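What follows is one structure encoded as structure tokens, with my remarks underneath.
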Amino acid sequence: MNFIEPSIEQYAITKSNRPSQVVRDLGEATKESVPMSMMLVGEMEGSLLGFLIRALNVNRVLEVGTYTGYSALCMAENLPEAGELITLDIDDELTEFSKKHWSQSSHGQKISKLIGPALETIPKLEGEFDLVFIDADKQNYLNYLKLCLPKLSDKGIIVVDNVLWSGNVLKSASELEADDKSTEHIKALNDYVSESPSLYGTMLPIRDGIFLISKI
């Protein structure tokens with residue numbers, strides 16, 4: 001769900017620095033051949049991620065949730081030549097698809113994909129990250145946040161996607177479908193950030209909601 005009128009969003013996209021043609025081709029290939037293509041972050045969010053990486057002089061990125069690798073390449077394009085992006089996913093099914101498109105970009109060599117449960121992988125990662133992008137299974141959103149906070153560098157930020165969840169975060173528990181656990185977990189993360197005295201959060205109503213989080 002987009003919370004901005006589509007023509008306004010498209011105007012903003014045309015006036016912004018956009019991901020490369022290789023990224024756009026990856027996006028089109030995803031829409032043509034991969035289920036659930038609405039999970040792509042899209043050009044507006046891709047541009048925002050690129051801006052944050054450049055503005056903060058990010059050298060090292062951790063991504064939780066790879067999907068087809070669109071967002072990973074969006075970010076890698078804006079890292080310095082020696083920059084590094086580690087992307088985590090529990091599923092290996094789309095790895096070949098992602099690497100095929102990453103290999104068509106000179107920035108693809110900055111990306112490493114690790115397969116396995118992120119809850120187990122994150123604690124094993126060495127070093128700090130300047131930016132963490134969380135866009136994976138919603139039931140572990142808060143767990144991912146808590147595991148990634150100690151991994152942040154002094155200038156680091158965490159970016160969490162889908163935090164408005166098509167507006168469902170405005171619904172009370174009684175208004176939600178009985179099997180809708182994702183909304184409850186997203187609301188728990190949103191409440192945790194807003195109530196934590198050690199975190200500074202800004203939620204943006206871009207696409208399905210983006211939370212920018214840093215340590216105070």
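Read the figures in this text as sums done on the coordinates, not as results from a lab. These figures come from a predicted structure and were not determined experimentally. In this analysis, Cβ positions are derived from the backbone assuming ideal geometry, glycine residues included, and neighbour counts consider all displayed protein chains.
What does the charge dipole of region 35-131 about its Cα centre add up to, to the nearest 20 debye, if the Cβ of each Lys and Arg holds +1 and the Cβ of each Asp and Glu holds -1?
Once rounded to the nearest 20, the dipole reads 200 debye.
For F3, what residues show an amide H to amide H distance below 5 Å, using hydrogens built from the backbone and excluding near sequence neighbours?
The list, which skips near neighbours in sequence, is R207.
Note down the Stokes-Einstein diffusion coefficient of region 12-107 in µm²/s, whole number, using a Kirkwood radius over alpha carbon pairs, 20 °C, and 1.002 mPa s.
159
How far is the Cα center of region 123-162 from the Cα center of region 37-111, in Å?
If you average the Cα positions of each part, the centres end up 15 Å apart.
How big is the dipole moment of region 6-215 about its Cα centre under a simple scheme where the beta carbon of each Lys and Arg is +1, that of each Asp and Glu is -1, and everything else is neutral? Debye, nearest 20, please.
Dipole about the Cα centre, nearest 20: 600 debye.
Name the trypsin sites (Lys or Arg not before Pro) in region 168-201 that are in a loop by DSSP and that have at most 15 other C-beta atoms within 10 Å, would you?
In loop regions of region 168-201 (DSSP not H, G, I, E or B), the sparsely surrounded trypsin sites (Lys or Arg not before Pro) are K171.
Which aspartates and glutamates, if any, have their Cα less than 15 Å from the Cα of K15, not counting same-chain residues under 8 positions apart?
E43, E45
Pick out, in residue order, every one of the trypsin sites (Lys or Arg not before Pro) in region 1-105 that is DSSP loop and has at most 16 other C-beta atoms within 10 Å; say none if there are none.
Sparse-neighbourhood loop trypsin sites (Lys or Arg not before Pro): K15.
Can you bin every Cα-Cα distance in region 155-216 into 10 Å intervals starting at zero and give me the percent of pairs per bin, rounded to whole numbers?
Going from the shortest bin to the longest, the percentages are 22, 51, 23, 4, 0.
Which whole-number percentage describes the relative contact order of the chain, with Cα contacts under 8 Å and a sequence gap of 6 or more?
19
Please work out the FRET efficiency for the pair T95 and I8, using the Cβ-Cβ distance as r and a Förster radius of 45 Å; give the result to the nearest 0.05.
0.80
If we count every other residue with Cβ under 15 angstrom of I13's Cβ, Lys/Arg +1 and Asp/Glu -1, where does the sum land?
Taking every other residue near I13 into account, the sum is 0.
With the crude spin-label approximation of a point 7 Å out along Cα→Cβ, what separation in nm comes out for L204 versus E81?
If labels sit at L204 and E81, their model points lie 2.9 nm apart.
Step through the table entries K110/K187; K113/K171; K31/K100, compare each Cα-Cα distance with 27 Å, and write down the pairs that go over it.
Over 27 Å Cα-Cα: K110/K187; K113/K171.
Looking only at Cα atoms, what is the convex hull volume of region 63-135 per residue, in Å³?
In region 63-135, the Cα convex hull volume per residue is 80 Å³.
Given the options I13, I186, I111, state which has the largest fluctuation in a GNM of the chain using a 10 Å cut-off (strictly under) for Cα springs.
I13
Check which residues have an amide H placed less than 5 Å from K113's amide H, if you skip close sequence neighbours.
Long-range HN contacts for K113: T87.
List E96, E184 from most exposed to least, where exposure is judged by having the fewest other Cβ atoms within 10 Å.
Sorted ascending by nearby Cβ count, the order is E96, E184.
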